[in-house]
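The next block holds one structure in the form of structure tokens; read it before the comments.
The values are calculated or read from the model by the stated rules, or taken from the named source; none is laboratory data. For clarity, every value in this text was computed on a predicted model and none was experimentally measured. Here the Cβ positions follow ideal geometry from the backbone for every residue, glycine too, while neighbour counts run over all protein chains shown. The protein model used for the area step is the full one, side chains on, heavy atoms only, and it has no ligands, DNA or RNA in it. Shrake-Rupley method; radii C 1.70, N 1.55, O 1.52, S 1.80 Å.
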Amino acid sequence: MRNTFLVCYDICDDKRLRTVFKTMRDFGDHLQYSIFECQFTPSDLVRCRHALGKIIHHKEDQVLFVDLGPVEGRGDRVITALGIPYSVIDSPCIVVDGEPES
Amino acid sequence: MLNEFVYCPRLFFYEWVEGVFAASADTLQGALRHEKLDAKTDALPAPENDGKIHSRSVMLSSETHRLIAGIDLVEGAAGVVTPVDYKKGRPRDTDDGPEAWPADRAQLCAQALILRDNGYRCDEAVAYYDATKQRVRVAIDEALVTETVQAIAAARALAAAGTIPPPLIDSPKCPRCSLVGICLPDETSFCDALPALASDAQLLLFGDDVEPLDRLVARTVATSEENVRRLIPARDDLRPLYVTGHGLIVGKRGEVLQIRNRDKTVQEVRVGEISQVSVFGNVQLTAATIQGLCWAEKPIAHFSYGGWFYGLTNGLGLKNVMLRREQFTKALDPVFCRGVARSMVASKIRNQRTLLQRNHLEPPTVILRQLKHYADLAGSAESLDELLGIEGIAARLYFEHFNGMLKIEAEGAGDAAPEFVLQLDHRNRRPPRDPVNALLSFAYSLLSKDLTITCHAVGFDPFLGFYHQLRFGRPALALDLMEGFRPLVADSTVITAINTRMVQPSDFIRIGPAVSLTASGRKGFLRAYEQRMDTLVTHPLFGYRANYRRILEVQARLLARVVTGEIATYPGFETR
């Protein structure tokens, strides 16, 4: 079962910040500066925490994992936007045919 | 190894005899923890040394016990040592305070025995539990040594015998076991109980007439107090990726697949979130992509532009050859093949009947009765040829009434008559000559792809079937498994896609005699197919709900159980 997580980080060193950003790209969607939206299984969460734990400075930096509950049926209840719209893409499969998504 | 054996002999058999492993959050956390511990490896000072001993990640072996162990930490001084093993979880709570679990005690005792064999003195061992940050001492006494030595011998005997032990019954160990989706403990026990009932019923009621499985099952389900526990998740949440665009290039950067059109990135997809990749026609994959997907054990299915399933790129896959060996032996046994094939064809016909009942406006009772008759005939057919005949007749009856399930009214009178009418004339293929046939063929192609992948995942050779006989390049076993699911998944997808207008007459083009889908039509149909695969259905035997993707795997694993002789009859999947 996957849960949606917001992963937010505050990293004091630019080099580490860059590494954290790059690492997080493997785990989720870049939502805003220093905020990623991820869909984690319990294993993914373990893997992500481990990967970040190796990068950050444990006395200076902070990463927060905010659990927003199951992905299934989340819809747009949990996150609403003001300004630029936010949308969840919920499809049983990913089809890439070269045309932009309608 | 010993730890697993004491925990569950079946787990031991899977992991150490068959080489099957599945990761869960728990095993992953343990592995990552050990990665850190193992980063530092120290030499272990000889027992004659006087100094203090504190060595991490020590690899030692013992000739007398024929054991080898990696010990996380060895502590002590002057030849008297204590092995320390790091455990992710928590100790067992007893009235006398925390205690090490039996499996951990056996493992520590084996480590102590090895240390003793190497000239150290060792009277005590320690299990360190990470969850509670507790050290739990284990005394290496005579009783524990005897038990451990016995367990070692039993494990060796089991591995040598080569027959898998039965699953634990209703054990609290199962729900968090990482192999539960492979082992199917409760499902296997449940099916194991079925044939016993069958023979009773046979003796008492019907002479040599065997009670049909579905009735038997209905009775068993009704009499059993509760349904089978659902130990495997209903959805795996991984989505398939289809790349259909002409000239697209799939590259990989980190753990992200980048799908590019010339230099423009069309879409990025994380490897961790997909279950498989299907590519259609002229799509290029970089070497890094193929390697990465093989490593992550995500199969790549290759289709022609028109949707013909060419093949599969897989990682090294399962190391387990035992199931294959059994499969090859059993495929030579005509009685076995007949038994499995009967069940498959009967399920297919019953499912066709169910589909008609559900979707046809007014299903002709004659047809329903006939289909029922043929399903029963299939259940007792004498030969594969006879089955083939029965299947053919049933299919003809079914497809004659297929149109009744397509609810598409005539379009507005003002429009020009569309080139295509979404009606099935008669079933034809290679090439399909009308839109409905094209959709059916495409759906079967997708389904055979999914079942070929499932066969690989379970450890079968997809090309050797029990009902479908050998033919070059035909995934016969995948087609065998597919029979019962043709109406439920493929036909149903076609009906839904047409009735809800996910595909429309304008989504087809004619090329010569063949009719095929346009790019947008294909996209719509793929969505419809995957939506169907994602639908939750109740398993008729076990009473829990899971999606079709999961059900396909469960059925394949049940067939594997039949092949290895753990359960007697293959229970086909039939919905009500």
Once the piece of chain linking B:R229 and B:N428 is laid out straight, how much longer is it, given 0.36 nm per residue of separation minus the C-alpha distance between them?
67.3 nm
Table column - 3J(HN,Hα) (Hz), the stretch B:247-262, Karplus curve with 6.51, -1.76, 1.60, x for Gly and Pro
x, 6, 10, 9, x, 9, 9, x, 9, 10, 7, 10, 9, 10, 10, 6
Global size of chain B as Cα Rg and Dmax, reported in angstrom:
28.5, 102
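Take peptide A:18-28, look around each residue's Cβ out to 10 angstrom, count Cβ atoms belonging to other protein chains, and average those counts.
Numbers: counts 0, 0, 0, 0, 2, 2, 0, 6, 7, 6, 3.
The mean count of partner-chain Cβ atoms within 10 Å per residue comes to 2.
Please work out whether the protein assembly as shown counts as rounded, prolate or oblate from its C-alpha gyration tensor, where a ≥ b ≥ c are the square roots of the eigenvalues and a/c under 1.5 means rounded, while otherwise a/b larger than b/c means prolate and anything else oblate? List each step's numbers first, then the result.
Details: a/c = 2.37, a/b = 1.40, b/c = 1.69.
Here the protein assembly as shown falls in the oblate category.
Please average, across the residues of B:434-441, the number of beta carbons from any other chain that are within 10 Å of each residue's own beta carbon, and give a whole number.
If you average over the peptide's residues, the count of other-chain Cβ atoms is 0.
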With everything on Cα atoms, drop me the angle between helix B:384-400 and the longest principal axis of chain B, reported from 0 to 90° to the nearest 10.
50
Carbon and sulfur %, accessible surface of the stretch B:98-157 computed with the full protein complex present, 1.4 Å:
50
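Among the listed pairs A:K22/B:K36; A:K59/B:K252; A:K22/B:K298; A:K59/B:K88; B:K52/B:K173, give every one whose C-alpha distance is greater than 29 Å.
On the way: A:K22/B:K36 22 Å; A:K59/B:K252 34 Å; A:K22/B:K298 23 Å; A:K59/B:K88 24 Å; B:K52/B:K173 39 Å.
Long pairs (Cα-Cα over 29 Å): A:K59/B:K252; B:K52/B:K173.
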Computed label-point distance, nm, for sites B:L536 and B:Q357 using a 7 Å Cα→Cβ extension
2.4
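Quick check for me: using +1 on Lys/Arg Cβ and -1 on Asp/Glu Cβ, what's the dipole size of the stretch B:251-402 about its Cα centre, in debye to the nearest 20? Don't skip to the end; give the middle numbers.
Numbers: 20 positive and 14 negative charges, 77 e Å.
Once rounded to the nearest 20, the dipole reads 360 debye.
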Accessible-area loss of at least 20 Å² in the complex relative to the chain alone (1.4 Å probe) applies, within the stretch B:11-38, to B:A25, B:L28, B:Q29, B:L32, B:E35
Report, in degrees rounded to the nearest 10, the 0 to 90 angle that the Cα long axis of helix B:519-534 makes with the longest principal axis of chain B.
50
Which residues qualify? For A:V95, with a placed amide H closer than 5 Å and at least 5 residues away or on another chain, they are B:Y242
In nm, what is the difference between 0.36 nm times the number of residues separating B:D376 and B:I393 and their Cα-Cα distance?
4.8 nm
Measuring from label point to label point, each 7 Å out along Cα→Cβ, what is the A:K15 to B:N49 span in nm?
3.5
Cα gyration tensor of the stretch B:295-391, axes a ≥ b ≥ c as square roots of the eigenvalues: rounded (a/c below 1.5), prolate (a/b > b/c) or oblate?
oblate
For a quick check: with amide H placed at 1.01 Å from N, whose amide H comes under 5 Å from B:R121's, ignoring anything fewer than 5 positions away on the same chain?
B:V80, B:V81
Relative contact order of the stretch B:456-576: what whole-number percent is it, with Cα pairs under 8 angstrom and at least 6 residues apart?
19
So the A/B interface buries, both sides summed and with a 1.4 Å probe, an accessible area in Å² (nearest 100) of 2900
Considering only protein heavy atoms and a 1.4 Å probe, what is the carbon-and-sulfur percentage of the accessible area of the stretch A:17-96?
54
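Indicate the gyration tensor shape class of chain A (rounded, prolate or oblate), computed on the Cα atoms with a ≥ b ≥ c the square roots of the eigenvalues: a/c under 1.5 is rounded; otherwise a/b larger than b/c is prolate and the rest oblate.
On the way: a/c = 1.76, a/b = 1.66, b/c = 1.06.
Prolate shape, in that a/c is at least 1.5 and a/b is the bigger ratio.
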What order do you get for B:129-140, B:41-52 when each peptide is scored by the mean count of other beta carbon atoms within 10 Å, highest first?
B:129-140, B:41-52
I need the phi-derived Karplus couplings for the stretch A:41-57: 6.51 cos²θ - 1.76 cosθ + 1.60, θ = phi - 60°, integer Hz, Gly and Pro marked x.
7, x, 5, 4, 4, 4, 5, 5, 4, 5, 4, 6, x, 6, 8, 6, 8
For a quick check: with amide H placed at 1.01 Å from N, whose amide H comes under 5 Å from B:K252's, ignoring anything fewer than 5 positions away on the same chain?
B:Q258, B:T289
Are there chymotrypsin sites (Phe, Trp or Tyr not before Pro) in chain A that DSSP marks as loop and that have at most 11 other Cβ atoms within 10 Å, and which are they?
A:Y33
Calculated [θ] (222 nm, deg cm²/dmol) that DSSP helices of n ≥ 4 give over the protein assembly as shown, each run adding -39,500 (n - 2.57)
-12500 deg cm²/dmol
Helix B:25-38 sits off the longest principal axis of the Cα atoms of chain B, rounded to the nearest 10 on a 0 to 90 degree scale, by 40
Under 30 Å from the Cα of B:K372, which lysines turn up, not counting those fewer than eight places away in the same chain?
B:K330, B:K348, B:K407, B:K449
Within 10 Å of each Cβ in B:345-358, how many Cβ atoms from other chains are there, averaged over the peptide?
0
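Taking all protein chains as present, what is the carbon and sulfur share of the accessible area of the stretch B:458-571, in % to the nearest whole number, probe 1.4 Å?
Carbon and sulfur atoms account for 57 percent of the accessible area of the stretch B:458-571.
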Simple spin-label estimate for B:A160 and B:I290 in nanometres, 7 Å along Cα-Cβ
4.5
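So, for the protein assembly as shown, what is the accessible surface per residue at a probe of 1.4 Å, expressed in square angstrom? Don't skip to the answer; put the middle values down first.
Details: 33150 Å² over 678 residues.
Accessible area per residue, the protein assembly as shown: 49 Å².
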